[in-house]
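Only the coordinates and a few stated rules stand behind these numbers; no lab work does. Since this is a predicted model, take the numbers as computed values, not measurements. Cβ sites come from the backbone with ideal geometry, for glycine too, and all protein chains shown count toward neighbours.
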2 protein chains.
Amino acid sequence: MGEFDLIDRFFKRPVTRNVLGIGDDCALLAPAPGMQLAVSSDMLVEGRHFLSTVDPEKLGHKALAVNLSDLAACGAKPLAFTLALSMQHADPQWLEPFSRGLLALADAHACELVGGDTTRGPLNICITVFGEVPQGQAILRSGAKAGDDIYVSGNVGDARVALEVFRGTLSLGEAAFHVARARMETPTPRVELGQSLRGIASAAIDVSDGLLGDLRHVLRASGVGATIETASCAGLMSAASRTALDAQRQLDYVLAGGDDYELVFTAPASRRDAVMRASRDTGTPVTRIGRIESGAGLQLLDAQGQPFDRGYTSFDHFA
Amino acid sequence: MGEFDLIDRFFKRPVTRNVLGIGDDCALLAPAPGMQLAVSSDMLVEGRHFLSTVDPEKLGHKALAVNLSDLAACGAKPLAFTLALSMQHADPQWLEPFSRGLLALADAHACELVGGDTTRGPLNICITVFGEVPQGQAILRSGAKAGDDIYVSGNVGDARVALEVFRGTLSLGEAAFHVARARMETPTPRVELGQSLRGIASAAIDVSDGLLGDLRHVLRASGVGATIETASCAGLMSAASRTALDAQRQLDYVLAGGDDYELVFTAPASRRDAVMRASRDTGTPVTRIGRIESGAGLQLLDAQGQPFDRGYTSFDHFA
């Protein structure tokens, strides 16, 4: 199968929300008047971001999910994406499920594949995603203010639990592993929640490198500090995963596990009702875990309100 | 050097033409009213698109040049780009010249680096580029009409000559190799010419896989055929390269060499003066090489006007 055949067979589809899709030198997008275009790129490399044994359909889902998660963190509505794909062979047995998983998630968000590139080489998936956000309404990392509440969406920690099972450092019953593995392999980008938080959240980021590590980016960009009540974080991991871990390791994976693709965001205490409404309206659980402080630094409090330090660091590809 | 340090040191710069650059979950672009956004992605893999021994500064230039060339083919004005970079080590000795070459070309076109990703893995450079084009004025592959002239910009064939020298199938004097190697390593995207051809050219594509192969994409998209007067193509290769090749091999590399990043475009015969003016105004040589025909197929004519066939095919990563 040649390069253009594989594009036609697995990736080329008519566009309706965008002006021009696959098949020319460029795609053409036309954001509606008054809209800004939010853009994000993520590159997934075999052996680093996914295991070589992963189900290609799930990999297709995840490759787009991690990009949609960036749009969600800005409150943008998905519009289109490009896919650049390097692979050693043009294998229909792999491409068919990969494109199926990718395009199913794309369809769920009306996010059209408009272009990209295919080439031979070590397996590498690079997606650039585009979303619309009304002018001046993007939720940035830099807007957190002292006194704001800190929230996290959904579930964090389970993706790391699954990774540790694959690594052999942890064992888990079949049912519990099924739950954790789904969190690692098919994360749910919080696209609807992100849009609902426009005008409510003061700052947001998506959790990819670890909850505290990513929160630190918000603190740095906003010039503030934070206090985290770790007791309120206990329920963020699924009950099934918790059964296999002591309390310390539970907390470690919740606060610094990584690969979660949830949103951590801040909002003024006066907007608690609005946050809960956004959570309810979008069917996305949201947990309040702490508060933004005027002084620098990130302080962890135990169940008794006493400060402690575990030296959590964020994932860094080159550290 | 960590991931965020290397981004800060080599890639993060303030943006002026775009709303938000590197440092948040998304970049924000705001195309001017009435403008559409042209988008293109190209992925470059070590050993396939460039030699491992290439000067990183030249590689930085080329990685962006091949993307700008796609904007040029659509007549779009460069606006911004994202860079996703996978590499085995965060080596400042490589990153410094790479970013220098990349950003020098970006600055020459006021094209701002607004975001991206860095990760560890086999060397892979994925750039997605954004340009503006007035609504409805993008030059597409599908607009060629019977009777239109066919033109090609600048020089084609030299990049392939340089590749063959590296492959050891050809030897060339030092001065001639210098010229050809520059064509392979630091191609000039025809950004100004592309914009000047808006409203003049009926169709365009950039030459990356070979002149005839890429022209065939235009013919297919436009539902037309073409006649090429190969005698008019002789001068497309540099005089220095021609000295080392017999006439047949010269023609082979001109028509099917690849990696040229010139524009092949069509325009009504009534617009010859306008084409020449665009060529002169942008300082870009343009050569008329044939004509669009109503019947399907691509016919080559020799210097005596006799048809011949050499079975030229286009480069295909998976054929």
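Ordering B:Ala159, B:His109, B:Leu37 by Cα displacement along the dipole of the protein assembly as shown toward the positive end leaves B:Leu37 in first place; charges were set at the Cβ atoms of Lys, Arg (+1) and Asp, Glu (-1).
Under 5 Å between amide hydrogens, built in the peptide plane, is the criterion, and for B:Leu300 it picks out B:Ile228, B:Phe308 among residues at least 5 positions away or on other chains. Around A:Gln88, what is the net charge, scoring Lys/Arg as +1 and Asp/Glu as -1 over all other residues with Cβ under 12 Å from its Cβ? Once positives and negatives cancel, what remains is 0. Compared with the dominant principal axis of the Cα atoms in chain A, helix A:247-256 is inclined by about 50°. Cys residues of the protein assembly as shown that find no other Cys beta carbon under 4.7 Å: A:Cys111, A:Cys233, B:Cys111, B:Cys233. Karplus-based coupling profile of the range B:216-230, in residue order and whole Hz: 4, 4, 5, 4, 5, 5, 9, x, 9, x, 7, 10, 10, 8, 5, with θ = phi - 60° in 6.51 cos²θ - 1.76 cosθ + 1.60 and x standing for Gly or Pro. Compared with the dominant principal axis of the Cα atoms in chain A, helix A:158-167 is inclined by about 70°.
Comparing B:Asp42, B:Asp91, B:Asp148 in a Gaussian network model of chain B (Cα springs below 10 Å), the most mobile by mean-square fluctuation is B:Asp91. Label points for A:Arg17 are taken 7 Å from Cα along Cα→Cβ. From this copy to the others they lie 2.7 nm apart, shortest first. Of the residues B:Leu68, B:Ala175, B:Ser202, the one whose Cα sits farthest toward the positive end of the charge dipole of the range B:53-211, with +1 on the Cβ of Lys and Arg and -1 on the Cβ of Asp and Glu, is B:Ser202. Distances between placed amide hydrogens fall under 5 Å for B:Ala203 paired with B:Thr266, all partners being 5 or more residues away or on another chain.
Against the main long axis of the alpha-carbon atoms of chain B, helix B:174-185 sits at an angle near 70°. Counting from the shortest, the label point at A:Gly223, 7 Å from Cα toward Cβ, is 6.1 nm from the same position in each remaining copy. Each part gets one Cα centre, and for the range B:190-227 versus the range B:63-121 those centres are 24 Å apart. Each residue of the range B:112-126 was assigned a 3J(HN,Hα) from its phi angle through the Karplus expression (A = 6.51, B = -1.76, C = 1.60, θ = phi - 60°), giving 8, 6, 10, x, x, 7, 10, 8, 8, x, x, 4, 8, 10, 10 Hz with x at Gly and Pro.
Within the set of other residues whose C-beta is less than 13 Å from the C-beta of B:Val156, count the net charge using Lys and Arg as +1 and Asp and Glu as -1. Intermediate results must be reported in sequence, preceding the final value.
Working: positive: B:Arg160, B:Arg183, B:Arg190, B:Arg242; negative: B:Asp158, B:Asp206, B:Asp209, B:Asp214, B:Asp252, B:Asp259, B:Asp260, B:Glu262.
Spelling it out: positives minus negatives among the neighbours equals -4.
Label-to-label distances for B:His178 across copies, nearest first, come out at 7.0 nm, using points 7 Å from Cα in the beta-carbon direction. Straight-line cross-link reach from B:Lys77 at under 28 Å between alpha-carbon atoms covers these lysines, not counting any fewer than eight positions away in the same chain: A:Lys12, A:Lys77, B:Lys12, B:Lys58, B:Lys62, B:Lys145.
Once R0 is set to 41 Å, what does the formula 1/(1 + (r/R0)^6) return for the Cβ-Cβ distance between B:Ala274 and B:Arg310, expressed as a FRET efficiency to the nearest 0.05? Walk me through the numbers before you get to the answer.
Details: r = 33 Å, r/R0 = 0.80.
Here the calculated transfer efficiency is 0.80.
Near A:Asp117, the amide H atoms lying under 5 Å from its own belong to A:Leu83, A:Ala84, A:Leu85; only residues 5 or more places off or on other chains count, and H is placed 1.01 Å from N.
Within the shell of other residues whose beta carbon sits under 9 angstrom from the beta carbon of A:Ala269, the net charge comes to +1, with Lys and Arg scored +1 and Asp and Glu -1.
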